[in-house]
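Here's the structure we're looking at; comments come further down.
The values are calculated or read from the model by the stated rules, or taken from the named source; none is laboratory data. Everything numeric here is computed off the predicted structure, so don't read it as measured data. Glycine gets a Cβ as well: all are built from the backbone with ideal geometry, and neighbour counts include every protein chain shown. When the accessible area is computed, the model is the full protein with side chains, heavy atoms only, and any ligands, DNA or RNA have been set aside. Shrake-Rupley method; radii C 1.70, N 1.55, O 1.52, S 1.80 Å.
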Amino acid sequence: SGVGLSLVLGFGVAYACYYLNSIAKKPQLVASNDRFCRFLEEYCPVVTETYYPTIWCWEGRVQTLLRPFITSRPQVQYRNELIKTADGGQISLDWFDNNDSSYYPDASTRPTVLLLPGLTGTSKESYILHMIHQSKTLGYRCVVFNNRGIAGEELLTPRTYCAANTEDLEAVIHHVHSLHPSAPFMAAGVSMGGMLLLNYLGKTGRDTPLMAAAIFSAGWNVFESVESLEKPLNWLLFNYYLTTCLQSSISRHRQMLEKLFDMDLVMKARTVREFDTQFTSVMFGYRSIDDYYEDASPCRKLKSVGIPVLCLNSVDDVFSPAHAIPVETAKQNANVALVLTSCGGHIGFLEGIWPRKCTYMDRVFKQFVQAVFEHGNKIFSM
């Protein structure tokens, strides 16, 4: 028993040394604008602090898989709103009005955060619920942009959504801003939601009512993302499941979509690339899947972003490989800051022994939105 105890203690010490020397690290902060860097260091210090991933599940794939099951789901009471689109469709918005806010009792000037979930995500995702919980404590209002047809509402036209087409997002931003024109307004996007938001910002430049934006786990180069996800282990763990989620999201609208698509063929897809080839790229009029993926890749539009944007990625995210993160392009735009952690996976960023509640991503979100709403004048003159 003494020998066994010594072995356990020896292994524990060795593992702790490895963890502290190789796993727990400060993130890399990439920003060409010294003023933006100083702003983040002062008002969003979490981006300069050592990130200690959960000691028993720090690997990227494990973090990605476990977060939905481990993290808590804060209770949020939404107010749903359906808005019409120019093509006759409808978009479902879920509002958290935060009318009990003691910091901002005047609803007309209460800061508003627009939240964009991932590829098949809705306002019910745990990471969205945590963002709203963080916003609630600060007194802010949130509104979740649910992509067409996935939040329970009916499709009124044979059209869903994609990462490249920003028309629905533009309509939502205009609608929210028109309801509260005096309220400070920013947005946060996760995964595909972050890609869509970046593509919108690259298109509009400074011509947007948004003050700033936060981007989490975006896929910067879609070609590299799908190639990574098609590796055997990643296909088994993520790609096939994600493809079935995409198919499930459109299956209940089959009668509407059959007007334009061979749905039997779409339902045979076994990868995201196959689904996009048969469905997404066709829906939005691209000549080929390569044309769609090129248009959907935010790395090609990053130079045109005209408002302050903070982007968090983990370099072990199989959805967005490290070599595809546009570090050099980011350095050419004074409005962009990248925060790159060594661990965290895709929308993982778990920390603590039992990571039920706040994650590193949640803390970055909270500190950055608070910094923008309460001290934003110090970066808006950049």
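Structural remarks
- Close amide H partners of N80, meaning residues 5 or more places away or on another chain with modelled amide H under 5 Å apart, are W95.
- Residues of region 97-156: accessible area per residue with a 1.4 Å probe, Å²: 33 Å²
- Between region 68-137 and region 195-227, the Cα center-to-center distance that results, in Å: 19 Å
- Heavy-atom accessible area ranking, 1.4 Å probe, most first, across S101, S32: S32, S101
- Ellipticity estimate at 222 nm from DSSP helix runs (n ≥ 4, -39,500 (n - 2.57)) divided over the chain, nearest 500: -10500 deg cm²/dmol
- Modelled this way, with points 7 Å down the Cα-to-C-beta line, the labels at H175 and Q332 are 3.6 nm from one another.
- In this label model, K203 and E374 are separated by 3.5 nm, measuring between points 7 Å along each Cα→Cβ vector.
- Exposure check, 1.4 Å probe, all protein chains in place: L233 carries approximately 90 Å² of accessible surface.
- Amide H partners (placed H, <5 Å) of H346, local residues excluded: T64, V318
- With all protein chains modelled, accessible area of R61 [1.4 Å, Å²]: 70 Å²
- Membrane-span-like helices in the chain (whole DSSP H runs, Cα extent of at least 20 Å along the helix axis, mean Kyte-Doolittle hydropathy of at least 1.0): 2-18.
- K231 sits among other residues whose Cβ lies under 12 Å from its own Cβ, and their net charge, with Lys and Arg +1 and Asp and Glu -1, is -2.
- Accessible area (Å², 1.4 Å probe, nearest 10) - D97: 30 Å²
- Using a Gaussian network model of the chain in which every pair of alpha carbons under 10 angstrom is joined by a spring, one finds that among S182, S126, S342 the greatest mean-square fluctuation is at S182.
- Compared with the alpha-carbon gap, the fully stretched path from E294 to V13 is longer by 96.4 nm at 0.36 nm per residue.
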